[in-house]
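The structure under discussion appears below in the form of structure tokens.
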Amino acid sequence: MNKEIPYKIYLEENEMPKQWYNVRADMKNKPAPILNPATMKPITVEELSPIFCEELAKQELDETTPYFDIPKEILDFYRMYRPSPLTRAYCLEKKLDTPAHIYYKFEGNNTSGSHKLNSAIAQAYYAKQQGLKGVTTETGAGQWGTALSMACSYFDLDCQVYMVKVSYEQKPFRREVMRTYGAKVTPSPSMNTSVGRKINEEFPGTTGSLGCAISEAVEAATAQEGYRYVLGSVLSQVLLHQTIIGLETKTALDKYGIKADMIIGCAGGGSNLGGLISPFAGEMLRGEAEYDIIAVEPASCPSLTRGRYAYDFCDTGKICPLAKMYTLGSSFIPSANHAGGLRYHGMSSIVSQLYDDGIISARSVEQTDVFKAAQTFAKVEGILPAPESSHAIKVAIDEALKCKETGEEKNIVFGLTGTGYFDMVAYQKFNDGEMSDYIPTDEEISKSLAALPKVEG
Ligand SMILES: *Cc1c(COP(=O)(O)O)cnc(C)c1O
């Protein structure tokens, strides 16, 4: 018998996980190795070290250690905003009149407004440990840049952020939060770097892309003594740090004897999804349990559902290592009317492999439907969700409505990755009825896929 389940399942501080979980250790089919773009051979820690902090380079390449201790300094920081509650969405269930039980793990309880702080603080910590002066990065919608600027200011590190131009212009308030935390914010493509100048020349008037901002940030890191590049998604190290989400979720569910049937997360580069599902996917990989795990992506940037599983560059400038992943091609840039975030061309290599092996499935959704779901959720659950998170809300609602038809009492868990207070330009478009759905044509996708690098094997 279940105990009566409260609206919010809180964990005690001492129930917060003290280790991150590396799901690669339990994967029989490991993600393909990342390649050095210069040699096209699997990259080594030494080769990664000019770009990444050494400890993070080690985490990136480690596919056998199942658990990593979370350093005390990081745990102390986590305690400022964690453990995060797992909420039973009683009001949403009532509104939908569904027999399903809906739970969401809320990661928006910090100034950055998203889960990104979980990895930002880890990456800033390792940079500080290594005695670096600062870090460079890119940011799309701005959550990662905000999270990193918070983490860097905590450890007194310099923070340089290349922000995708369209967001820089649409989201001046995020920019100012970053500057308040002491970060230097540059719209990308900029004229500061050679790769930025080249992209500006080739695509005059471009509003930028994440891949392009990554190239600029990497170049800026390698051009300055005592700087390294850090990335807020896609990488296996980021996914590792984000497993704090899934581990806490599992602890909270176990506390009340709840067995999740379905776990849903939005997928941009795959870090929150990977972090949320890792402990559950681990159980599946070890043959201990079954779950229905769903990655939700925008129909306008459908890397899992319409991309190809192939080696690709992680950045438009083709200077980062290559990863085998579900990708639309590194030259793919989502339509300018896409407002829902999750605009990265590829997907975490771990998530890609789990998807290829059928451990998880994927669905794409259109943005007006996503914003409708966001509005439904906001009205009954009292949180204005980030557009990204609302992709997961949309599918959770769809699934809860299916349960209404079938009468199934499924336990549906989804990741509510953040709040949408800085996404008001997108909400405005939606409210004004000016939001449209753009789905790329097969030709457009084939065109960017045709430019995939040729890699043996
Ligand atoms: C960055 C972000 C995402 C997408 O990134 P993933 O690496 O796919 O998790 C989702 N939701 C929010 C609120 C974000 O800030």
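The values are calculated or read from the model by the stated rules, or taken from the named source; none is laboratory data. Here the structure is a predicted model, which means the values were calculated and not measured. Backbone-built Cβ (ideal geometry, glycine too); neighbour counts: all protein chains shown.
Figures for the structure shown
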item: So Ala392, is it buried (at least 19 other Cβ atoms within 10 Å of the Cβ), among the small types (Gly, Ala, Ser) and touching a Cys at 6+ places or on another chain (Cβ under 7 Å); result: yes
item: Residue in region 71-78 that is away from the ligand (no atom under 14 Å from the Cβ), under 15 Å from Glu381 (Cβ atoms) and out of contact with any helix residue (DSSP H, G or I) (no Cβ under 8 Å at 6 or more places or on another chain) present; result: no
item: Inter-residue pairs, beta-carbon under 6 Å, first at positive phi and in region 81-103, second polar (S, T, N, Q), 6+ apart; result: none
item: Residue that is touching a Phe, Trp or Tyr at 6+ places or on another chain (Cβ under 9 Å), under 28 Å from Ala100 (Cβ atoms) and either free of Cβ contacts under 8 Å to residues at least 24 places away in the same chain or surrounded by 13 or more Cβ atoms within 10 Å (Cβ to Cβ) (or both), where the choices are Leu416, Leu449; result: Leu416
item: Odd one out for Arg286, checked against (1) closer than 21 Å to Glu47 by Cα; (2) touching a helix residue (DSSP H, G or I) at 6+ places or on another chain (Cβ under 7 Å); (3) not assigned by TED's automatic domain parsing to the domain that holds Thr146; result: (1)
item: Residue count, region 1-52 (criterion: at pLDDT 95 or above and in contact with a Gly (Cβ under 6 Å, 6 or more places away or on another chain)); result: 2
item: Any hit, region 407-429, residues being under 28 Å from Ile244 (Cβ atoms), assigned by TED's automatic domain parsing to the domain that holds His345, of a type in the set (Gly, Ala, Ser) and assigned to a strand (DSSP E or B); result: yes
item: Residue list for region 392-410, restricted to those being over 11 Å from Thr98 (Cα atoms) and more than 12 Å from the ligand (Cβ to nearest atom); result: Lys394, Val395, Ala396
item: Leading residue by the ranking (nearest to Ala151 (Cα to Cα)) among those in region 81-108 that are surrounded by fewer than 24 Cβ atoms within 10 Å (Cβ to Cβ) and within 12 Å of the ligand (Cβ to nearest atom); result: Gly108
item: Filter pass, Ser215 being touching a Lys or Arg at 6+ places or on another chain (Cβ under 8 Å), more than 30 Å from Asp156 (Cβ to Cβ), crowded, with 24+ Cβ neighbours inside 10 Å and at pLDDT below 95; result: no
item: Entirely in region 172-288, the strands (runs of 3 or more DSSP E) that have 1 or more residues that are touching a residue at least 40 places away in the same chain (Cβ under 8 Å) and closer than 27 Å to Ala127 by Cβ; result: 184-188, 227-229
item: Any hit, region 126-144, residues being at pLDDT 95 or above, more than 16 Å from the ligand (Cβ to nearest atom), aliphatic (A, V, I, L, M) and not in a loop (DSSP other than H, G, I, E, B); result: yes
item: Which listed residue, of Ser448, Ser389, is touching a Leu at 6+ places or on another chain (Cβ under 7 Å), within 16 Å of the ligand (Cβ to nearest atom) and assigned to a helix (DSSP H, G or I); result: Ser389
item: Filter result for the condition that a residue is closer than 28 Å to Lys318 by Cα, surrounded by fewer than 16 Cβ atoms within 10 Å (Cβ to Cβ) and touching a residue at least 24 places away in the same chain (Cβ under 8 Å), over Asn36, Asn22; result: Asn36
item: In region 414-445, the residues that are under 22 Å from Arg363 (Cβ atoms), hydrophobic (A, V, I, L, M, F, W, C) and within 16 Å of the ligand (Cβ to nearest atom); result: Phe414, Leu416, Ala426
item: Checklist (1) farther than 25 Å from Val413 by Cα; (2) modelled with pLDDT of 95 or more; (3) surrounded by fewer than 23 Cβ atoms within 10 Å (Cβ to Cβ); (4) not hydrophobic (A, V, I, L, M, F, W, C) applied to Lys318, failing item; result: (2)
item: Selected residue (only one of Ala252, Ala289 is of a type in the set (A, V, I, L, M, F, W, C), touching a strand residue (DSSP E or B) at 6+ places or on another chain (Cβ under 7 Å) and more than 12 Å from the ligand (Cβ to nearest atom)); result: Ala252
item: Residues of region 12-29 classified as assigned to a loop (DSSP other than H, G, I, E, B), closer than 19 Å to Pro85 by Cα and of a type outside the set (A, V, I, L, M), total; result: 3
